[in-house]
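Have a look at the structure below before the remarks.
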Amino acid sequence: MTGAPVRTLLLWCPDWPVLAAEIVDGVPATGPVAVLHANRVVACSAPARAAGVRRGLRRREAQGRCPTLTVVDHDPGRDARAFEPVLAAVEEVAAGVEVVRPGVCALAARGPARYLGGEEAAAERIIEQVAESCAVESQVGIADGVFAAGLAARTGQVVPPGGTPGFLAGLPVEAIGRPALADLLRRLGVRTLGEFAALPAGDVLARFGFDGALAHRLAAGHDHRPLAVRQPPVDLTVTAHHDEPLDRVDAAAFAARMLAERLHDRLAGHGLACTRLGIEAVTAHGQELHRVWRHDGLLTAAAIADRVRWQLDGWLSGSTGRAGARPPRPTAGIVRLRLVPDGLLARGGLQPGLWGEAGEERDRAHRALSRVQGILGPEAVVTAVLGGGRSPADQTRLVPWGDERLPARPGPPPLPDVVEASPDAAGRAVTQPGGAGRSGVRRGSPVPPWPGRLPPPAPAVVLPVPLTATVHDVTGEPVLVSARLAVSAAPARLAVGGATPTEIVGWTGPWPVDERWWAPAEARRRARFQVCLADGVALLLAVEAGRWLVEAIYD
């Protein structure tokens, strides 16, 4: 890679997830607020930091340090919608804005610096524009390359041209944004980016792999993406025309997902992937909307669909910010949507393999399921996402195919989409987890313990609505479970609904569960049993408020 990094102006809005919660949901950011994902703090307000709350803390520890802490769930879509007015404000001063992530945007510094009287004047003008239009505080950093500009924005610095390597040299290795690599470098005696950049590039690649080599380039002051980026040919752009204007977010998001699949397939046919994505829309009244999103890695089909959905949500919901910032909601629905790939790179993973196309079966199944969605709707095909919880019903969440697969409760990380499908009780196609790593638990991942969680093996079928049952002992008397979990007699016969009773040949339990006792409306107290019937069927039973219920069936 040759050439110098592009002079970059980067705007950063501190604590953006907290500000987005205030803008969209009305959560006051002037108090102690923390945004949580997977039961850990990912962002917090200044009052929360003053009380000792830090990123990475568990929810209970954060609330222990700050009892008045307001907890908000992480929502990338909300962050993107709230950031739209900020982007519109920046575009009133400078063109060619690229979204790095919600809360951060970047653009080439040369243009604004030339017509605004220098780089410092351009930074001040953009900060003032965002403050006046959106009532949002921001900081600007200018340096050679996006990475260095991002670090300069933390302190509001303008790094002189050619001074980026010296600016980075004194920063700690943690600034690279890779905690595992930074910890390893410190144990090897490398404490600053300058010391890391001084290592031979070949040795770094051999010892730390591709990601370490990329971090080494950043530490040396080079840009974090290749400079030999060519413009995409015209035939790579995909466009969709809609006779019926799209004025609802859900309808527009579904159309965007289909368009994203077309773009990804077209790029894959050329062995390419994009690192930037231009989204263009035209309304029925002729209004033109445009935005550019950028990504640190290669944009997959799911990543393209997510960014298009976020952008359309921002346009159609008409988020206006705290000070009534523009743009307002379009006056008409969208009739034309266009995706323009940019920042193209060759992607070896998309090239034909030795024995055929890479991932051919998976891609064929993915296209088939997408066609089913196109005929029956986005909710017709769903995938099961494993999460946390104490009962089998709590641990599983059904997510429409292609949507972000997040568990309903913190637990094991979500499994990737697979192609083994079966219908559920509602007649929808449900893909089953499969392949390597079936349990979905990564070694060393922070999984909440969930005391009272049902032990393995997991049941094969979880009933959407538990079935009522009766359990009797050998004398025909109902089996009761006291508040102290004392079983009145050994279970001998089970009758589900009005069916004929079946003999119980084995049982174990009870396992007590007392959930959310501090919230009377959500509190649940029950005991579980596992029973094996004479016909070979194994069931998971629960006793709640004196009633026996069949929750699940074992294979």
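Conditions tested, residue by residue: (1) part of a helix (DSSP H, G or I); (2) acidic (Asp, Glu); (3) farther than 27 Å from Thr8 by Cα; (4) at pLDDT 85 or above.
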| site | (1), (2), (3), (4) |
| --- | --- |
| Leu227 | no, no, no, no |
| His241 | no, no, yes, yes |
| Arg276 | no, no, no, no |
| Val292 | no, no, no, no |
| Leu299 | no, no, no, no |
| Arg307 | yes, no, no, no |
| Asp313 | yes, yes, yes, no |
Taking region 283-308 and keeping residues open to solvent by 30 Å² or more (accessible area, probe 1.4 Å), more than 28 Å from Phe147 (Cβ to Cβ) and touching a residue at least 12 places away in the same chain (Cβ under 8 Å) leaves Ala284, His285, Gln287
Per the list (1) open to solvent by 10 Å² or more (accessible area, probe 1.4 Å); (2) touching a strand residue (DSSP E or B) at 6+ places or on another chain (Cβ under 8 Å); (3) in a loop (DSSP other than H, G, I, E, B), residue check on Thr30 breaks on (2)
Flagged in region 192-203 as modelled with pLDDT of 90 or more and under 19 Å from Thr164 (Cβ atoms), in numbering order, are Thr192, Leu193, Gly194, Glu195, Phe196, Ala197, Ala198, Leu199
Note on region 243-264: residues acidic (Asp, Glu) and modelled with pLDDT under 85 are Asp247, Asp250
Would you be able to say whether some residue in region 500-507 is in contact (Cβ under 8 Å) with a residue 24 or more places away in the chain, touching a Cys at 6+ places or on another chain (Cβ under 6 Å) and either over 17 Å from Gly452 (Cα atoms) or not β-branched (Val, Ile, Thr) (or both)? yes
Regarding region 63-71, can at least one residue be identified that is more than 23 Å from Thr30 (Cα to Cα) and either open to solvent by less than 50 Å² (accessible area, probe 1.4 Å) or in contact with a strand residue (DSSP E or B) (Cβ under 6 Å, 6 or more places away or on another chain) (or both)?
no
Residue count, region 380-413, condition open to solvent by 50 Å² or more (accessible area, probe 1.4 Å) and at pLDDT below 70, comes to 1
Residue pairs qualifying under the 9 Å Cβ cut-off, at least six apart or on distinct chains, with the first in region 196-225 being part of a helix (DSSP H, G or I) and the second being basic (Lys, Arg) and open to solvent by 30 Å² or more (accessible area, probe 1.4 Å), are Ala197/Arg217; Ala201/Arg217; Asp211/Arg178; Gly212/Arg178; Ala215/Arg178
Counted residues in region 135-175 being assigned to a loop (DSSP other than H, G, I, E, B), closer than 29 Å to Glu22 by Cβ and not β-branched (Val, Ile, Thr) come to 5
Of the candidates Val140, Val158, the one satisfying the condition of being β-branched (Val, Ile, Thr), within 24 Å of Glu92 (Cα to Cα), in contact (Cβ under 8 Å) with a residue 24 or more places away in the chain and surrounded by 24 or more Cβ atoms within 10 Å (Cβ to Cβ) is Val140
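Inspect region 474-486 for any residue being closer than 15 Å to Thr396 by Cβ, at pLDDT 85 or above and open to solvent by less than 80 Å² (accessible area, probe 1.4 Å) and give the result as yes or no.
No: region 474-486 contains no residue that is closer than 15 Å to Thr396 by Cβ, at pLDDT 85 or above and open to solvent by less than 80 Å² (accessible area, probe 1.4 Å).
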When every residue in region 5-16 that is modelled with pLDDT of 90 or more and open to solvent by 30 Å² or more (accessible area, probe 1.4 Å) is compared, the one farthest from Thr68 (Cα to Cα) is Trp12
Of (1) surrounded by 18 or more Cβ atoms within 10 Å (Cβ to Cβ); (2) at pLDDT 85 or above; (3) over 34 Å from the mean Cα position of the chain (by Cα), Val505 satisfies every one except (1)
Taking first residues from region 543-555 that are free of Cβ contacts under 8 Å to residues at least 24 places away in the same chain and second residues anywhere that are crowded, with 16+ Cβ neighbours inside 10 Å and in a strand (DSSP E or B), the pairs with Cβ under 6 Å that are 6 or more apart or on different chains are Glu544/Arg526
Conditions (1) touching a strand residue (DSSP E or B) at 6+ places or on another chain (Cβ under 7 Å); (2) modelled with pLDDT of 85 or more; (3) open to solvent by less than 80 Å² (accessible area, probe 1.4 Å) -> Glu515 fails only (2)
Note on region 213-225: residues in contact with a helix residue (DSSP H, G or I) (Cβ under 6 Å, 6 or more places away or on another chain) and at pLDDT 85 or above are Ala213, Ala215, His216, Leu218, Ala219, Ala220, Gly221
Within region 176-191, residues modelled with pLDDT of 90 or more and surrounded by 17 or more Cβ atoms within 10 Å (Cβ to Cβ) come out as Leu181, Ala182, Leu185, Val190
Here the residues within region 87-118 that are in contact (Cβ under 8 Å) with a residue 60 or more places away in the chain and assigned to a strand (DSSP E or B) are Glu98, Val99, Val100, Val104, Cys105, Ala106, Leu107, Ala108
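The values are calculated or read from the model by the stated rules, or taken from the named source; none is laboratory data. It should be emphasised that the depicted structure is a prediction, and the values quoted were computed from it without experimental measurement. For neighbour counting, all protein chains shown are included, and Cβ atoms are generated from backbone atoms with ideal geometry for every residue, glycine included. Just the protein is used for accessible areas: all its heavy atoms, side chains included, with ligands, DNA and RNA removed. Shrake-Rupley method; radii C 1.70, N 1.55, O 1.52, S 1.80 Å.
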